[in-house]
1. Taking the number of other C-beta atoms within 10 Å as the exposure measure, put A:99, B:12 in order starting with the fewest.
2. Report, to the nearest 10°, how far helix B:292-305 tilts away from the longest principal axis of the Cα atoms in chain B, using its own Cα long axis and a range of 0 to 90°.
3. For the pair residue B:41 and residue A:80, what calculated FRET efficiency results from E = 1/(1 + (r/R0)^6), where r is the Cβ-Cβ distance and R0 = 56 Å, to the nearest 0.05?
4. Set the Förster radius R0 to 22 Å, insert the Cβ-Cβ distance between residue B:210 and residue B:171 as r into 1/(1 + (r/R0)^6), and round the FRET efficiency to 0.05.
5. Please arrange B:268, B:260 by how many other C-beta atoms lie within 10 Å of their C-beta, fewest to most.
6. Within a 10 angstrom radius of each residue's Cβ in B:488-496, how many Cβ atoms of other chains show up on average? Whole number is fine.
7. In whole percent, what relative contact order does chain B give with Cα contacts below 8 Å and a gap of six or more residues?
8. Quick one: if you stick a label point 7 Å off each Cα along the C-beta vector at residue B:383 and residue B:252, how many nm between them?
C-alpha cells in the first residue's frame, strides 16, 4: 500500500512538467517492476484464441509497452496450459486472474486482491452476451473483422475498470443509437452534391 | 498524431475511431496525450450525448493527473446534468479522477450523495462506486457517508424483494452487479462502527437466506454478503450463518466455489479458528483435488489449521500430499511442514522422523538452513543418537541423490559412527555394521557425481572424525589433496597434516561436538571458539578460531596450520 501511495504522489502534475522528469519517472517505475494503480476492479481484459493470438486487449492502468507484452505472454502461458475442467481462478503475482473459455476464445481478466471473482465471471459472461446480441451468434471472426465494434461495446459496458451499465437492454440501445449517428453523418457527408 | 487529428474532426465516425485509437495507443505517460486535452474539453460541452460520452470514456481510460485537474469542474457539472446516460458515465469518470488526484474528491462529494436517489440502475451503480472510492480514500468522507446506510439498505431491499425485471435480471437475481457493489460499500461503512453494522444486520440476514445459490450469480452475491458479515461488527448469529454458508460452499461440486470458500476461510482462520476447524476434513480432502489452484488454497489453509491436537493426523496428510504434489508447491509444503513440526511436535523422535521423511521425498526443495537446524536438533536429543544414526545410515545406503539428507547423514555418521558399530539400539532392530561398510558409504558419497562440493566437504570431515572413533587407517583423505575444488583441497591437506605432524592432537581436535545452543546467528562461532581454544597449535603462532565453513551454521573445526 505504501508503495502505491508514494507512486501516486510521484504522478503529481506539478512535478511532471518537463518531459525529463516524466522519463525519469518512467525509468523508476520500470525499475520497480510493475506498478499498478490501487483500487481498481479490473486491471486488464484480454481476449485470445487457443493458438495464442491476441484478439482484444483493454488496459485499465497505465503500463509501458514492454510491461503489456510481458503480461500478455504470461497470461497466455498460464491460461492455455490449464486442463479443461479446472478452476477458473488463478493467482499471478499479486493479482487474481479470472478466465473463461467461450468456443475458441479465452476471456481473461486481471483483478485486484479484494475483488469478487465470481462476479468477474459474471462480467465476462455478460460481455459475451452483449457481443452475441449485437453480432447475432457471435464467433471469433466477428471479433477479428469488427474489433472496433467489440471495443465500443466494451466501452459501453465497462469504464475505468468498473461496470458502467448493468442493463443489457440499455447497452444495446446506446450502441444502436451511436451506430445510427455514425451512419447518418457518413451518409450526409458522402451524399453527392447535385 | 493521426488520432489527434481524427479526434478534432467534426464527423462522429472519425471521432469515434480517433478516440478508440487514443485509448489504445496513447497513455498518460506520452506527451501526445496532452494534445487531446483541448479536444476532450470541447467535446464534453457538445450537445450530442454520444460525443460527450466518447470524451468521458477516453478521459476515464487514460486521463493523466494534469488532464484530470483541468477537467474536473466540467465533470462535476455533468454529474448534475439531467441526462442519466451522461450522469452514469460522468460518475465513473469522477472515480478515475479521484484515483488519480485524491484531493479532488471533495469536489464530488455532494453530487455523489444526490445521485444515490436516482432510479436508473446505471447511475446508482456509478454513484455507489464513486462513494466507495471517496470513502476508501478519506476517513472524514467515510464518516459523512455513514448517514447513507439506511438509503443503501432501502435500495438493496428493493432489489432483493422486487419482482422480476427483465432488464436487469440475471438468472433470477435482480441486478447482481449493483447488489454486490452496495454490499461492498456497506462493508466499508460498517467496519468498526456498531451503529452502522446494526442497521445492516437484518438486510444481510435476509440476503444470505433468500438468495438462490444454485447458479454462480447467486453464489457471487452470497460470497460478497459473507465477506461483509465477517468484516463488520455483526452479531454472532449472523457470523455463524456466514461461516455455515462458507462450509456449504466447501462441499459444493463446483471447483470455483470451493476455491473461493477456502480463500475466505483463510481470511478468518486467525479470528474464528474453531469455526474453521470444523471443516478441516473437507479442506484436507481438497488437497487431493486434481486442480492446481484448489490444491494451493487447500495447502495454505491446512497449514494454518495445524494445531497441537491434530498434528499427527494432519502431518500424515501433509506428508502424503508432499509426495504427490506439483513441483511448484513443494518448497512451500516442505517449509510449512517444518514450521508445524517445530511448533507442535509431540515427541523428539517423531520430529526427527518427520524431517527425515521430508528430506527423502522432497530433499531438493528444502531451504538451506534446514541442514544446520536438523543437525542442531539431533545433537540436542542425545538419547536418540543411536536411533538417528542407524536410520540415516540406512537412508544413505538406499539413496544418495538428495543433498540435504546426505549432508546430515554424513555429519551424523562422522559424529556417532561408533554407535553404528555397537549395533545395540532400543528403538530400532539391531544391525551389525562393519567398520569397512561405514567407510565405504562415505567413500561412495565422496566419489559420486551427484554430490555437490559442500556435500563432499561434509563427507571428508566425517571420514576424518571416524579416524579417531572407528579406525586408524584413513588414507582416502590424502587423495583430495590435489582436488580441483579449493575448499576440499584445503581440508584434505589440513587433515593430512593432522595425521602426520600433529597426530598427538588428533584425538582432541576431533572430539565429539558439544550440544549446540540455538540462540543467534553467531552461536556456532562461540561453541567452536571454545573448542579450538583447547587446541594450541604452536606457542606463539596466531590461533585462528573457528572459521565458519561455507558461511552456514555447520560445525567443523578448522585449525589453520
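1. B:12, A:99
2. 70
3. Step by step, r from the Cβ atoms, then E = 0.80.
4. Efficiency, from the Cβ-Cβ distance: 0.95.
5. Sorted ascending by nearby Cβ count, the order is B:268, B:260.
6. 0
7. On the way: 656 pairs, mean separation 29.4, N = 561.
Across chain B, relative contact order equals 5 percent.
8. So the two model labels end up 5.2 nm from each other.
All of the numbers you see were taken from the coordinates with simple rules; none came from a lab. Everything numeric here is computed off the predicted structure, so don't read it as measured data. Every residue, glycine among them, receives a Cβ derived from its backbone with ideal geometry; neighbour counts consider all protein chains shown.
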